[in-house]
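The values are calculated or read from the model by the stated rules, or taken from the named source; none is laboratory data. Please read these numbers as outputs of a predicted model, since none were measured by experiment. Neighbour counts run over all protein chains shown; Cβ positions are idealised from the backbone, glycine included. What goes into the accessible areas is simple: the full protein's heavy atoms, side chains included, and nothing from ligands, DNA or RNA. Shrake-Rupley method; radii C 1.70, N 1.55, O 1.52, S 1.80 Å.
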Amino acid sequence: MARYIYRFEDLPNELIIYICKYLNVREGFYSFSNLNLRFKNLFKSLNDLQLTVSLFDSNDKRNYDLFYLHIGTLTIDRGIDINLKYFRNLYYLILHNPKEKLFEQINRHSIPNLQYLSINHKFITTTIQSSMSDLHKKIFSNHFPYLQSCDTSDMSVSIPLQPWEQSLSLSILIVGQIDISVFNAILSACPNLYFFQFKNFSSNQLSTNRIIHSN
């Protein structure tokens with residue numbers, strides 16, 4: 001005789017996990033994680049979940065303590081302030097128009113496993129550009145030892161006062177405006193780079209002054 005399923009909690013674990021990947025992380029955890037012992041253990045086992053935080057969530061005063069460690073991809077939109085240090089298992093970070101304070105939190109102590117970083121900003125102020133310059137120093141000096149891909153296409157890159165060290169893990173890089181000195185410095189700092197995209201570069205400079213890169 002066929003067994004009919006009438007309740008969500010009667011579904012097999014594999015199907016519940018599949019469905020949860022399409023649910024809002026907050027609502028999923030707050031609705032089901034304490035439903036019973038089975039669901040509590042099941043939600044504890046989830047990882048690599050995605051969370052988007054935007055202005056629409058600004059009135060939500062609840063903490064994220066239930067699911068901090070389950071988030072692998074975090075998207076922060078429209079200048080929201082959030083403490084990154086709790087997302088210890090984060091490896092994808094996407095920022096849209098971040099505030100200056102958020103730049104300060106992007107470091108290997110808060111995000112030790114960062115592999116992918118994307119930052120876009122429609123309002124480039126002097127302060128934002130300065131914050132981005134400080135972050136570029138970290139990126140090109142192996143401050144993030146697992147960083148493989150970085151997209152800061154809205155931000156220009158300038159040569160720092162102190163030379164960059166080498167970033168051995170970085171293989172994909174997209175930046176904004178650069179000149180020949182920055183171009184050469186980036187290639188020197190990123191020996192394992194195999195995709196490099198940038199804006200507003202003089203072809204004459206490139207043909208006469210560029211350094212040789214193995215990739």
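Remark on the range 92-147: Rg and Dmax equal 10.8, 29 Å (Cα only). Rolling a 1.4 Å probe over the protein heavy atoms gives the range 99-148 an accessible area of 50 Å² per residue.
Heavy atoms only, probe 1.4 Å: what % of the accessible area of the range 29-185 goes to carbon and sulfur, would you let me know? So the carbon and sulfur contribution to the accessible surface is 49 percent.
Placing +1 on the Cβ of every Lys and Arg and -1 on the Cβ of every Asp and Glu, with no other charges, gives the chain a dipole of roughly 340 debye about its Cα centre. Pairs K99/K137; K21/K199; K99/K199; K99/K138; K40/K101: which are spaced more than 30 Å apart, C-alpha to C-alpha? Those over the limit are K21/K199; K40/K101.
Over the alpha-carbon set of the chain, divide Rg by the Kirkwood Rh and report the Rg/Rh ratio to two decimals.
Using Cα coordinates only, the ratio equals 1.09.
With all pairs of separate Cα atoms included, the range 101-215 yields a Kirkwood hydrodynamic radius of 14.4 Å.
For the chain, the longest piece that avoids every one of the trypsin sites (Lys or Arg not before Pro) found in DSSP loops with at most 15 other C-beta atoms within 10 Å covers 123-209. Close amide H contacts of L35 (hydrogens built in the peptide plane, cut-off under 5 Å, sequence separation of 5 or more or a different chain): K40.
Largest GNM mean-square fluctuation across S171, S158, S31, computed for the chain with C-alpha springs under 10 Å, falls on S31.
Oblate is the label for the range 47-175, because a/c, from the alpha-carbon gyration tensor with a ≥ b ≥ c as root eigenvalues, is 1.5 or above and a/b does not exceed b/c. Between N113, N83, N184, the residue with the greatest mean-square fluctuation in the GNM of the chain (Cα pairs under 10 Å linked by springs) is N83.
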